[in-house]
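Colleague: My questions will all concern the structure given below.
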Amino acid sequence: INAEYGVALLVQSTEIYEYDYDYTDCKYKGNVGTTCSKRLESLPEGSSCECDSQTIIVPESVSGDNEIMFLYGLTNYYQNHRMYRRSQSFAQLLGDEQADCLDQYCEPYRNDDDGKAYYPRGAIANSYFLDTFKINRMGEKETTMNTTNISWETDRQYKFIVPEGFQSNSPNFSWPRDWKIWQEKSGESFLPTQVNDEHLINWMNPAAFPSFTKLYARVRLNPGEYQLNITYRYQVKDFRGSKFIRLAETSWMGGRSLFLGSAYTFVGIACLLAALFFIVVSRKTRTKRHARRKKIDEQLENFKATTGQATEA
(Lines give C-alpha, C1' and ligand atoms only; values in the text may rest on other atoms or scores of the structure.)
Protein backbone atom coordinates (compact mmCIF):
# COMPACT_ATOMS: atom_id res chain seq x y z
CA ILE A 1 0.00 0.00 0.00
CA ASN A 2 2.85 2.37 0.83
CA ALA A 3 4.42 1.81 -2.59
CA GLU A 4 1.13 2.38 -4.41
CA TYR A 5 0.45 5.54 -2.41
CA GLY A 6 4.02 6.74 -3.05
CA VAL A 7 3.70 6.21 -6.82
CA ALA A 8 0.39 8.12 -6.78
CA LEU A 9 2.06 11.00 -4.94
CA LEU A 10 4.99 11.04 -7.37
CA VAL A 11 2.68 11.09 -10.39
CA GLN A 12 0.56 13.85 -8.87
CA SER A 13 3.66 15.84 -7.91
CA THR A 14 5.04 15.81 -11.46
CA GLU A 15 1.75 17.25 -12.72
CA ILE A 16 1.89 20.24 -10.36
CA TYR A 17 3.18 23.42 -11.99
CA GLU A 18 6.18 25.06 -10.35
CA TYR A 19 8.46 27.74 -11.76
CA ASP A 20 11.63 29.16 -10.19
CA TYR A 21 13.53 32.24 -11.34
CA ASP A 22 16.78 33.31 -9.70
CA TYR A 23 17.06 37.08 -10.14
CA THR A 24 20.13 37.71 -7.97
CA ASP A 25 22.00 38.95 -11.05
CA CYS A 26 19.07 40.25 -13.08
CA LYS A 27 19.94 42.74 -15.82
CA TYR A 28 19.20 46.42 -15.34
CA LYS A 29 16.27 47.43 -17.54
CA GLY A 30 18.00 50.61 -18.72
CA ASN A 31 21.23 48.83 -19.65
CA VAL A 32 21.15 45.04 -20.08
CA GLY A 33 24.95 44.98 -19.88
CA THR A 34 24.74 45.88 -16.19
CA THR A 35 23.21 43.88 -13.37
CA CYS A 36 21.01 45.57 -10.78
CA SER A 37 23.26 44.27 -8.03
CA LYS A 38 26.28 46.08 -9.53
CA ARG A 39 24.27 49.19 -10.26
CA LEU A 40 23.07 49.53 -6.66
CA GLU A 41 26.66 49.32 -5.42
CA SER A 42 27.36 52.62 -7.19
CA LEU A 43 24.15 54.35 -6.05
CA PRO A 44 23.41 55.90 -2.64
CA GLU A 45 21.63 53.83 0.00
CA GLY A 46 17.89 53.83 -0.52
CA SER A 47 18.08 53.51 -4.32
CA SER A 48 16.24 50.92 -6.39
CA CYS A 49 16.73 49.26 -9.77
CA GLU A 50 14.20 47.93 -12.27
CA CYS A 51 15.13 44.47 -13.55
CA ASP A 52 14.72 43.65 -17.22
CA SER A 53 11.36 41.93 -17.67
CA GLN A 54 11.37 38.14 -17.38
CA THR A 55 9.06 36.10 -19.63
CA ILE A 56 7.11 33.34 -17.90
CA ILE A 57 5.21 30.71 -19.89
CA VAL A 58 2.31 29.17 -17.99
CA PRO A 59 1.49 25.72 -19.44
CA GLU A 60 -1.92 24.46 -20.51
CA SER A 61 -2.10 22.20 -17.47
CA VAL A 62 -2.65 25.22 -15.22
CA SER A 63 -6.25 26.16 -14.53
CA GLY A 64 -7.06 29.82 -14.07
CA ASP A 65 -9.71 28.82 -11.53
CA ASN A 66 -7.04 27.95 -8.95
CA GLU A 67 -4.80 30.47 -7.24
CA ILE A 68 -1.05 30.03 -7.67
CA MET A 69 1.24 30.89 -4.79
CA PHE A 70 3.75 33.63 -5.57
CA LEU A 71 6.72 33.24 -3.22
CA TYR A 72 10.09 34.92 -2.85
CA GLY A 73 13.08 33.04 -1.53
CA LEU A 74 16.50 33.71 -0.06
CA THR A 75 19.53 31.46 0.37
CA ASN A 76 22.37 31.61 2.90
CA TYR A 77 20.25 33.89 5.09
CA TYR A 78 20.34 32.71 8.70
CA GLN A 79 17.08 33.93 10.17
CA ASN A 80 17.43 31.05 12.63
CA HIS A 81 20.47 32.64 14.34
CA ARG A 82 19.69 32.89 18.06
CA MET A 83 20.53 36.58 18.45
CA TYR A 84 18.65 37.52 15.28
CA ARG A 85 15.55 35.59 16.36
CA ARG A 86 15.52 37.33 19.74
CA SER A 87 16.05 40.78 18.24
CA GLN A 88 12.41 41.83 18.50
CA SER A 89 9.99 43.00 21.17
CA PHE A 90 7.13 40.52 21.45
CA ALA A 91 5.22 42.84 23.81
CA GLN A 92 5.52 45.64 21.25
CA LEU A 93 4.02 43.44 18.54
CA LEU A 94 1.18 42.59 20.93
CA GLY A 95 0.08 46.22 21.00
CA ASP A 96 2.41 48.17 23.31
CA GLU A 97 4.39 50.38 20.94
CA GLN A 98 6.76 51.51 23.73
CA ALA A 99 7.55 48.02 25.07
CA ASP A 100 11.25 47.22 25.32
CA CYS A 101 13.20 44.17 24.15
CA LEU A 102 14.61 41.41 26.33
CA ASP A 103 18.29 41.53 27.35
CA GLN A 104 19.21 44.34 24.94
CA TYR A 105 19.10 42.00 21.94
CA CYS A 106 17.55 44.78 19.85
CA GLU A 107 20.63 47.00 19.88
CA PRO A 108 21.41 49.00 17.77
CA TYR A 109 17.83 48.89 16.45
CA ARG A 110 16.15 49.78 19.75
CA ASN A 111 15.94 53.60 19.83
CA ASP A 112 16.77 56.31 17.32
CA ASP A 113 19.27 59.15 17.90
CA ASP A 114 16.58 61.18 19.68
CA GLY A 115 15.82 58.35 22.10
CA LYS A 116 12.45 57.49 20.55
CA ALA A 117 11.56 53.81 20.30
CA TYR A 118 11.76 52.17 16.91
CA TYR A 119 8.47 50.58 15.98
CA PRO A 120 8.90 47.68 15.53
CA ARG A 121 12.18 47.28 17.36
CA GLY A 122 14.94 44.84 16.47
CA ALA A 123 17.05 43.49 13.63
CA ILE A 124 14.30 41.35 12.10
CA ALA A 125 12.02 44.30 11.37
CA ASN A 126 14.95 46.51 10.32
CA SER A 127 16.07 43.93 7.73
CA TYR A 128 12.60 43.68 6.17
CA PHE A 129 12.60 42.35 2.60
CA LEU A 130 12.19 45.29 0.21
CA ASP A 131 11.87 43.90 -3.31
CA THR A 132 8.49 44.22 -4.99
CA PHE A 133 6.96 42.32 -7.91
CA LYS A 134 4.40 42.83 -10.65
CA ILE A 135 3.15 40.36 -13.22
CA ASN A 136 1.03 40.89 -16.31
CA ARG A 137 -0.03 38.92 -19.33
CA MET A 138 1.64 39.93 -22.60
CA GLY A 139 -0.11 42.97 -24.00
CA GLU A 140 -2.55 43.21 -21.12
CA LYS A 141 -2.82 45.19 -17.90
CA GLU A 142 -1.20 44.16 -14.65
CA THR A 143 -2.53 40.97 -13.07
CA THR A 144 -4.04 41.46 -9.63
CA MET A 145 -2.03 39.96 -6.79
CA ASN A 146 -4.02 38.87 -3.77
CA THR A 147 -2.04 39.84 -0.66
CA THR A 148 -4.76 39.15 1.91
CA ASN A 149 -4.84 36.00 4.03
CA ILE A 150 -1.26 35.14 3.12
CA SER A 151 -0.24 34.80 6.77
CA TRP A 152 -1.45 32.65 9.67
CA GLU A 153 -4.83 33.77 10.97
CA THR A 154 -3.68 33.25 14.57
CA ASP A 155 -0.76 35.63 13.95
CA ARG A 156 -3.08 38.33 12.65
CA GLN A 157 -5.49 37.95 15.55
CA TYR A 158 -3.26 37.32 18.54
CA LYS A 159 0.40 38.10 17.83
CA PHE A 160 0.56 41.21 15.61
CA ILE A 161 -1.88 43.68 17.11
CA VAL A 162 -2.22 47.34 16.17
CA PRO A 163 -2.36 49.59 19.30
CA GLU A 164 -5.64 51.32 20.00
CA GLY A 165 -5.71 54.79 18.42
CA PHE A 166 -2.53 54.04 16.43
CA GLN A 167 -1.33 56.68 13.95
CA SER A 168 1.51 55.90 11.56
CA ASN A 169 2.84 59.50 11.77
CA SER A 170 2.79 59.62 15.57
CA PRO A 171 5.69 61.54 17.17
CA ASN A 172 5.86 58.96 19.99
CA PHE A 173 7.90 56.46 17.99
CA SER A 174 10.17 56.18 14.96
CA TRP A 175 9.99 53.67 12.15
CA PRO A 176 13.00 51.27 11.90
CA ARG A 177 16.27 52.90 10.94
CA ASP A 178 16.62 51.45 7.45
CA TRP A 179 12.93 52.01 6.71
CA LYS A 180 13.43 55.73 7.24
CA ILE A 181 16.13 55.76 4.58
CA TRP A 182 13.72 54.29 2.05
CA GLN A 183 10.90 56.58 3.13
CA GLU A 184 13.14 59.61 2.53
CA LYS A 185 14.70 58.42 -0.73
CA SER A 186 11.67 56.84 -2.40
CA GLY A 187 8.22 58.20 -3.01
CA GLU A 188 6.77 54.68 -3.33
CA SER A 189 4.56 53.21 -0.62
CA PHE A 190 5.96 49.68 -0.43
CA LEU A 191 6.82 49.68 3.28
CA PRO A 192 4.38 48.48 5.97
CA THR A 193 2.41 51.13 7.81
CA GLN A 194 1.13 48.82 10.57
CA VAL A 195 2.51 45.76 12.34
CA ASN A 196 -0.38 43.64 11.07
CA ASP A 197 0.81 44.08 7.47
CA GLU A 198 0.86 40.51 6.19
CA HIS A 199 4.17 40.82 4.34
CA LEU A 200 5.72 42.03 7.59
CA ILE A 201 4.07 39.21 9.56
CA ASN A 202 5.56 36.59 7.24
CA TRP A 203 8.98 38.22 7.46
CA MET A 204 8.86 38.50 11.27
CA ASN A 205 8.35 34.73 11.58
CA PRO A 206 11.97 33.52 11.24
CA ALA A 207 12.63 30.59 8.93
CA ALA A 208 14.14 27.39 10.35
CA PHE A 209 16.72 26.95 7.59
CA PRO A 210 19.13 29.33 5.80
CA SER A 211 17.39 28.70 2.47
CA PHE A 212 13.69 29.52 2.63
CA THR A 213 10.67 30.92 0.84
CA LYS A 214 7.95 33.26 2.09
CA LEU A 215 4.54 33.82 0.60
CA TYR A 216 4.26 37.17 -1.18
CA ALA A 217 0.84 36.86 -2.84
CA ARG A 218 -1.65 34.58 -4.53
CA VAL A 219 -2.41 35.07 -8.20
CA ARG A 220 -4.72 33.57 -10.80
CA LEU A 221 -2.96 32.80 -14.08
CA ASN A 222 -4.41 31.33 -17.24
CA PRO A 223 -2.16 29.46 -19.68
CA GLY A 224 -0.07 31.84 -21.79
CA GLU A 225 2.90 34.22 -21.71
CA TYR A 226 3.43 36.66 -18.85
CA GLN A 227 5.94 39.35 -17.99
CA LEU A 228 7.47 39.53 -14.54
CA ASN A 229 8.71 42.96 -13.44
CA ILE A 230 10.91 43.23 -10.36
CA THR A 231 11.97 46.31 -8.44
CA TYR A 232 15.36 45.34 -7.02
CA ARG A 233 16.29 46.87 -3.64
CA TYR A 234 17.49 44.09 -1.37
CA GLN A 235 21.20 43.35 -1.66
CA VAL A 236 22.30 39.77 -0.93
CA LYS A 237 25.88 39.69 -2.25
CA ASP A 238 27.26 40.93 1.08
CA PHE A 239 26.46 37.59 2.72
CA ARG A 240 27.00 35.53 -0.46
CA GLY A 241 23.32 34.81 -0.74
CA SER A 242 20.91 34.63 -3.62
CA LYS A 243 17.23 35.38 -4.13
CA PHE A 244 14.56 33.97 -6.36
CA ILE A 245 10.83 33.92 -6.99
CA ARG A 246 8.70 30.81 -7.19
CA LEU A 247 5.29 30.26 -8.75
CA ALA A 248 3.80 27.17 -7.16
CA GLU A 249 0.52 25.46 -7.88
CA THR A 250 -1.13 23.38 -5.16
CA SER A 251 -3.32 20.28 -5.22
CA TRP A 252 -4.95 17.86 -2.77
CA MET A 253 -1.44 16.76 -1.69
CA GLY A 254 -0.17 20.30 -1.19
CA GLY A 255 2.69 21.78 -3.19
CA ARG A 256 5.12 20.00 -5.47
CA SER A 257 7.37 17.67 -3.48
CA LEU A 258 9.15 14.54 -4.67
CA PHE A 259 10.32 13.72 -1.16
CA LEU A 260 7.02 12.48 0.26
CA GLY A 261 6.22 10.25 -2.70
CA SER A 262 9.79 8.93 -2.79
CA ALA A 263 9.70 8.19 0.94
CA TYR A 264 6.43 6.23 0.68
CA THR A 265 7.70 4.34 -2.37
CA PHE A 266 11.01 3.51 -0.68
CA VAL A 267 9.31 2.24 2.49
CA GLY A 268 6.82 0.21 0.46
CA ILE A 269 9.56 -1.42 -1.64
CA ALA A 270 11.66 -2.05 1.49
CA CYS A 271 8.71 -3.78 3.19
CA LEU A 272 8.06 -5.87 0.06
CA LEU A 273 11.71 -6.96 -0.16
CA ALA A 274 11.75 -7.78 3.55
CA ALA A 275 8.61 -9.91 3.12
CA LEU A 276 10.15 -11.78 0.16
CA PHE A 277 13.35 -12.33 2.12
CA PHE A 278 11.51 -13.91 5.04
CA ILE A 279 9.42 -16.07 2.67
CA VAL A 280 12.59 -17.42 1.04
CA VAL A 281 14.20 -18.05 4.43
CA SER A 282 11.05 -19.80 5.62
CA ARG A 283 10.95 -22.01 2.51
CA LYS A 284 14.59 -22.98 2.80
CA THR A 285 14.39 -23.90 6.50
CA ARG A 286 10.99 -25.66 6.32
CA THR A 287 12.49 -29.19 5.79
CA LYS A 288 14.85 -28.74 8.71
CA ARG A 289 12.06 -27.43 10.91
CA HIS A 290 9.82 -30.36 9.99
CA ALA A 291 12.60 -32.88 10.69
CA ARG A 292 13.33 -31.24 14.00
CA ARG A 293 9.63 -31.26 14.89
CA LYS A 294 9.32 -34.94 13.95
CA LYS A 295 12.31 -35.85 16.10
CA ILE A 296 10.84 -33.97 19.07
CA ASP A 297 7.52 -35.78 18.59
CA GLU A 298 9.30 -39.18 18.51
CA GLN A 299 11.25 -38.35 21.65
CA LEU A 300 8.02 -37.32 23.35
CA GLU A 301 6.29 -40.61 22.36
CA ASN A 302 9.26 -42.63 23.61
CA PHE A 303 9.22 -40.70 26.86
CA LYS A 304 5.49 -41.35 27.33
CA ALA A 305 5.93 -45.05 26.57
CA THR A 306 8.82 -45.39 28.98
CA THR A 307 6.92 -43.56 31.70
CA GLY A 308 3.86 -45.81 31.21
CA GLN A 309 5.87 -49.04 31.52
CA ALA A 310 7.55 -47.85 34.68
CA THR A 311 4.15 -47.05 36.22
CA GLU A 312 2.73 -50.53 35.44
CA ALA A 313 5.78 -52.20 36.96
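The values are calculated or read from the model by the stated rules, or taken from the named source; none is laboratory data. Values in this document were obtained by computation on a predicted structure and should not be read as measured data. We place every Cβ from the backbone using ideal geometry, glycine too, and count neighbours over all the protein chains shown. Heads up: the accessible areas ignore ligands, DNA and RNA and are worked out on the full protein's heavy atoms, side chains in. Shrake-Rupley method; radii C 1.70, N 1.55, O 1.52, S 1.80 Å.
Colleague: Extending each Cα 7 Å along its Cβ direction at Asn66 and Asp100, get the distance between those two points in nm, one decimal.
Modeller: 5.2
Colleague: Can I ask one more? Could you calculate the FRET efficiency of Asn169 with Ile57 from 1/(1 + (r/R0)^6), where r is the beta carbon distance between them and R0 is 41 Å, rounded to 0.05?
Modeller: 0.40
Colleague: Carbon and sulfur together cover what percent of the accessible area of the chain at a 1.4 Å probe radius?
Modeller: C and S fraction of accessible area: 52 percent.
Colleague: Comparing Gln88, Gln194, Gln299, which has the greatest mean-square fluctuation in the GNM of the chain with Cα pairs linked when under 10 Å apart?
Modeller: Greatest mean-square fluctuation among the candidates belongs to Gln299.
Colleague: Lys/Arg Cβ at +1, Asp/Glu Cβ at -1, dipole of segment 260-302 taken about the Cα centre: which of Tyr264, His290, Ala274 is farthest positive-ward?
Modeller: The one lying farthest along the dipole's positive direction is His290.
Colleague: Please compute the length gained on full extension between Lys29 and Asn80, using 0.36 nm multiplied by the number of residues separating them and subtracting their Cα-Cα distance.
Modeller: Full extension from Lys29 to Asn80 adds 14.9 nm.
Colleague: Given H placed on each backbone N at 1.01 Å, which residues far from Ile68 in sequence or on other chains put an amide H within less than 5 Å of it?
Modeller: Val219, Arg220, Leu221
Colleague: Mind checking which of Met145, Trp182, Phe70 is farthest towards the positive end of the chain's charge dipole, using Cβ charges of +1 (Lys, Arg) and -1 (Asp, Glu) about the Cα centre?
Modeller: Working it through, the farthest residue towards the positive pole turns out to be Phe70.
Colleague: Considering only Ser262, Ser48, Ser282, give the residue with the highest GNM mean-square fluctuation for the chain, with springs between Cα atoms whenever their separation is below 10 Å.
Modeller: With Cα springs under 10 Å in the chain, the top fluctuation among Ser262, Ser48, Ser282 is at Ser282.
Colleague: Going by average Cβ density within 10 Å per residue, which order do the peptides 284-292, 68-76, 126-134 take, highest to lowest?
Modeller: Packing proxy ranking, top to bottom: 68-76, 126-134, 284-292.
Colleague: Let me ask another. Starting from the Cα of Asn302, step 7 Å along the direction of its Cβ; do the same at Ile181; then give the gap between the two resulting points in nm.
Modeller: 9.6
Colleague: With springs only between Cα atoms under 10 Å, which of Ala270, Ala117, Ala207 fluctuates most in a Gaussian network model of the chain?
Modeller: Highest fluctuation among the options: Ala270.
Colleague: Let me ask something else about it. How high is the FRET efficiency between Asn205 and Ala275 when r is their beta carbon distance and R₀ equals 41 Å, given to the nearest 0.05?
Modeller: 0.40
Colleague: Next up: Output the Kirkwood hydrodynamic radius of the chain, Cα pairs only, in Å rounded to one decimal.
Modeller: 24.2
Colleague: Please work out whether segment 38-173 counts as rounded, prolate or oblate from its C-alpha gyration tensor, where a ≥ b ≥ c are the square roots of the eigenvalues and a/c under 1.5 means rounded, while otherwise a/b larger than b/c means prolate and anything else oblate?
Modeller: prolate
Colleague: For the chain, which cysteines have no second Cys with its Cβ under 4.7 Å from theirs?
Modeller: Flagged as lacking a Cys partner: Cys271.
Colleague: Calculate, for the chain, the solvent-accessible area per residue in square angstrom, rolling a 1.4 angstrom probe over the heavy atoms of the protein chains.
Modeller: Per residue, the chain has 59 Å² of solvent-accessible surface.
Colleague: Limiting things to C-alpha atoms, what are the Rg and the maximum Cα-Cα separation (Dmax) for segment 163-237, in angstroms?
Modeller: 16.1, 50
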